[in-house]
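The values are calculated or read from the model by the stated rules, or taken from the named source; none is laboratory data. Just so it is clear, the structure is predicted and the values come from calculations on it, not from any experiment. Positions of Cβ are backbone-derived with ideal geometry, glycine not excepted, and every protein chain shown enters the neighbour counts.
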Amino acid sequence: MNNDVAVLVGNGLSIAFNPDLNLQTITKNVLRRIEAAEGAEVVLAMQEIAQRALPNGAKTDEDFEVLVGAFGAESRTLGLLGTLAELTEHDDRDLKKAIDVTAKFAEKVRDTGVSCVLEEISDKSNALDTERAESLDNLIKAIVEAFEGKVVISNLNYDTILLNALIKSHNSILTDLANGANWQDICILDSGIKRLFRVPKLRTSDNFPGDRRIYLIHLHGSISFWLFSDGDEGAYVKLHKEVFKFPNLNLWEKVRNGEIDGRPVVVLASRKDKVDHVNRYPFSLAYEVSAQSLQCDKWLIIGYSFRDDPINNMLRSEFLDRKRENKPRVLVVTYGEELKLRDVEKAFGWGVEDGSSSEWLTINREGASDMENTEDWVNFVVD
């Protein structure tokens with residue numbers, strides 16, 4: 001029996017159990033939601049701005065992260081222009097006011113984009129059919145039963161598919177960034193009526209309960225992670241299902257309309273800005289816990305594209321710290337041939353001069369569904 005395992009999951013896992021969560025489908029539906037909320041001209045402006053951040057040939061309707069993230073970068077640029085306007089020789093107040101108005105509108109559009117993305121993902125998170133749900137349960141069971149120590153699952157997805165499955169099957173030994181010993185009362189206005197909810201705060205340190213051995217760590221936030229006004233710093237909390245399901249209480253619409261003093265906490269930024277985002281709380285804590293989990297000898301990576309710089313940096317840092325004879329055993333589970341062996345090796349800092357990576361790396365291309373019944377999985381567990 002093995003001890004600990006570090007698991008990293010990306011969008012490929014969510015797609016395996018709910019195909020509607022693929023990037024192109026989500027992005028197409030998000031564009032429709034934004035157009036309904038802000039108009040076709042705003043969508044066109046977002047696409048034109050985002051297009052400048054893309055490589056030649058790429059399209060803005062293929063990746064919502066690029067679409068919304070680029071607009072967030074533009075709003076910060078406008079903020080800097082406002083500062084410069086204050087420093088002009090004649091202190092052009094009209095120019096400063098115009099820039100401020102534009103910057104605020106850009107922030108509103110970004111809020112609309114974020115809320116539309118998360119609303120779409122939230123809706124799709126609850127659309128798991130029985131067969132796929134059972135397949136996901138089998139995968140989780142296989143991982144948990146194969147390792148008797150800590151199972152740390154670092155999740156790059158905003159959805160709650162994995163969380164819901166873990167709660168159903170292993171709730172008694174499951175923990176996450178929510179601190180069950182520290183609660184916060186939040187107030188949400190509902191047609192003039194104050195609705196009070198008591199929700200757990202997010203942890204401020206890695207003080208996880210000792211009797212829980214499955215850790216679910218959302219590295220880039222979740223649809224359930226929110227920041228509400230509470231003093232100077234605010235309160236970071238995890239909203240439970242009851243808040244989202246409360247009759248006629250559409251949190252995403254309230255964000256778009258400015259009717260709530262809370263905001264979802266996610267990393268939805270351009271590639272350049274993402275590095276800055278993950279260095280802030282609570283993402284910095286999530287990365288710290290995830291990096292610690294990589295000190296084990298078995299790394300299972302499911303549905304990750306190896307295109308995320310902060311994630312690749314974290315993997316590479318721990319991998320290169322080890323001597324060749326102490327490298328972890330890595331099983332990468334993907335679907336199809338799109339993910340290239342050389343790209344995976346580069347992410348880990350493994351050069352051509354290092355020779356074959358087969359001594360530590362296996363790539364399974366059959367996808368996450370039914371992974372536990374493959375020869376690659378058996379070899380990974382017993383090796």
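Here is a list of conditions, (1) among the small types (Gly, Ala, Ser); (2) surrounded by fewer than 21 Cβ atoms within 10 Å (Cβ to Cβ); (3) under 17 Å from VAL9 (Cβ atoms), and SER154 meets all of them except one; can you say which number that is? With respect to (1) among the small types (Gly, Ala, Ser); (2) surrounded by fewer than 21 Cβ atoms within 10 Å (Cβ to Cβ); (3) under 17 Å from VAL9 (Cβ atoms), SER154 is out only on (2). Going by the structure shown, is ALA133 within 25 Å of TYR287 (Cα to Cα) and not assigned by TED's automatic domain parsing to the domain that holds VAL66? Judged against the criteria, ALA133 is not a match. Only one of the numbered conditions (1) buried (at least 19 other Cβ atoms within 10 Å of the Cβ); (2) under 22 Å from LYS274 (Cα atoms); (3) modelled with pLDDT under 70 is not met by ILE99, and that is (2).
For the range 313-333, filtered to residues that are under 17 Å from GLU288 (Cβ atoms) and among the polar types (S, T, N, Q), the residue that is surrounded by the fewest Cβ atoms within 10 Å (Cβ to Cβ) is SER317. Using the structure shown, decide if THR362 is more than 24 Å from ARG213 (Cβ to Cβ), surrounded by 20 or more Cβ atoms within 10 Å (Cβ to Cβ) and among the polar types (S, T, N, Q). The answer is no for THR362. Scanning the range 192-216 for residues that are among the β-branched types (Val, Ile, Thr) and modelled with pLDDT under 95 turns up ILE193, THR204. ASP211 meets the conditions (1) surrounded by 21 or more Cβ atoms within 10 Å (Cβ to Cβ); (2) free of Cβ contacts under 8 Å to residues at least 60 places away in the same chain in every case but one. The failed one is (1).
Annotation: of all residues in the range 252-276 being part of a helix (DSSP H, G or I) and in contact with a strand residue (DSSP E or B) (Cβ under 9 Å, 6 or more places away or on another chain), the one that is surrounded by the most Cβ atoms within 10 Å (Cβ to Cβ) is TRP252. Being touching a Lys or Arg at 6+ places or on another chain (Cβ under 8 Å) and under 30 Å from GLU131 (Cα atoms): is that true of PHE380 here? For PHE380, the condition - touching a Lys or Arg at 6+ places or on another chain (Cβ under 8 Å) and under 30 Å from GLU131 (Cα atoms) - is met.
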